[in-house]
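Structure, as structure tokens:
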Amino acid sequence: MIVFALLAVELVCVYVLGRRVLDRLVARAAHGPAPRRWLTWGLLAPGVALHESAHAVTATALLGSVERFVPFRPRPMADGGVLLGEVRYRASRLPLLGGPIGRAAIGLAPLVLVPLVVYVAGCALVPGVAVGDDPQRLARQLVDDGLSVGVAIWLLIALSASIGLLPSRIDHQDLPRALGLLAAVALIWLLWRGGIDAVEGRRLLTDAAGPAAFAAQLLAPSAVVALVGALLLRP
């Protein structure tokens with residue numbers, strides 16, 4: 001279905017182009033003059049803080065404990081990169097919550113929670129939008145109502161969050177094992193049920209289309225920022 005293809009394209013934009021935008025911004029700030037560095041850190045700080053908070057909140061919700069939480073403090077690393085923020089946690093002792101699936105959920109949490117926070121912030125700051133409305137209504141209200149203080153604050157949050165939501169490579173280290181376990185569970189369930197016929201398959205796709213469309217709308221600003229940023233920050 002079209003909505004699943006759109007969501008896949010957005011994820012590619014976020015992961016491929018978004019990574020490039022973030023890396024170039026950080027590299028130019030780290031090796032540039034002080035005004036550029038502080039301007040870049042000011043732009044990235046809200047998004048990185050939301051990113052790290054998503055890790056911390058999810059780790060706590062899965063009955064783990066957060067041992068170190070640094071929402072935003074850029075510092076150089078031995079490999080020449082820059083660490084913008086950090087969360088260290090102790091996973092739950094429960095096998096499911098503390099295993100690969102739980103750790104993968106913590107790692108990928110920013111990809112889900114940060115767009116949700118941006119959406120809720122938009123509902124609070126942009127006039128005429130309420131929680132439960134389609135995220136695309138935010139864009140329509142921006143065009144209809146123009147710029148205000150609340151809208152300007154939300155645009156800054158949305159821009160920063162769109163750059164900072166991408167889970168890092170370390171955040172994905174448990175994803176292969178988690179996907180393998182989920183695939184095994186799905187296969188066992190299918191064998192137990194005796195498979196799914198064409199009617200049931202179409203119904204499952206139809207039921208998933210609504211949440212997928214909502215997710216695609218939430219992720220759209222990040223995909224657009226990644227695309228535009230990659231064009232503007234070409235070498």
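Any read-out appearing in this document is the output of simple, stated calculations on the displayed coordinates, not a laboratory observation. None of these values were measured; they are calculated from a predicted model. Because the Cβ atoms are built from the backbone with ideal geometry, glycine has one as well, and the counts that use them run over all protein chains shown.
In the chain, taking the dipole from charged Cβ atoms about the Cα centre, the farthest positive-side position among 204, 219, 233 is held by 233. Checking every one of the trypsin sites (Lys or Arg not before Pro) in region 104-202 against DSSP loop status and a limit of 14 other Cβ atoms within 10 Å picks out 169.
Simple point charges give the picture: +1 on the Cβ of Lys and Arg, -1 on the Cβ of Asp and Glu, and for region 64-166 a dipole about the Cα centre of about 540 debye.
Between residue 148 and any residue 5 or more places off or on another chain, the built amide H atoms are never under 5 Å apart.
Provide the net charge surrounding residue 64, with neighbours chosen by a C-beta distance below 10 Å and charges set as Lys +1, Arg +1, Asp -1, Glu -1. Net charge around residue 64: +2. For trypsin sites (Lys or Arg not before Pro), the sites in region 37-110 that DSSP calls loop and that have at most 16 other Cβ atoms within 10 Å are 93. For region 27-74 and region 81-109, what is the centre-to-centre distance using only Cα atoms, to the nearest Å? Distance between centres, Cα-based: 16 Å.
Assuming charge only on the beta carbon of Lys and Arg (+1) and of Asp and Glu (-1), the dipole of region 1-95 about its Cα centre is about 260 debye to the nearest 20. By the helix-only formula, in which each DSSP H run with n ≥ 4 contributes -39500 (n - 2.57) and the sum is divided by residues, the chain has a 222 nm mean residue ellipticity of -23500 deg cm²/dmol. Set against the labelled values [x] 8, 34, 37, 18, 2, 0; [y] 6, 20, 22, 17, 13, 10, 7, 3, 1, 0, 0; [z] 7, 26, 34, 23, 8, 2, 0, P(r) over Cα pairs in 10 Å bins from 0, in percent computed from this structure falls on [z].
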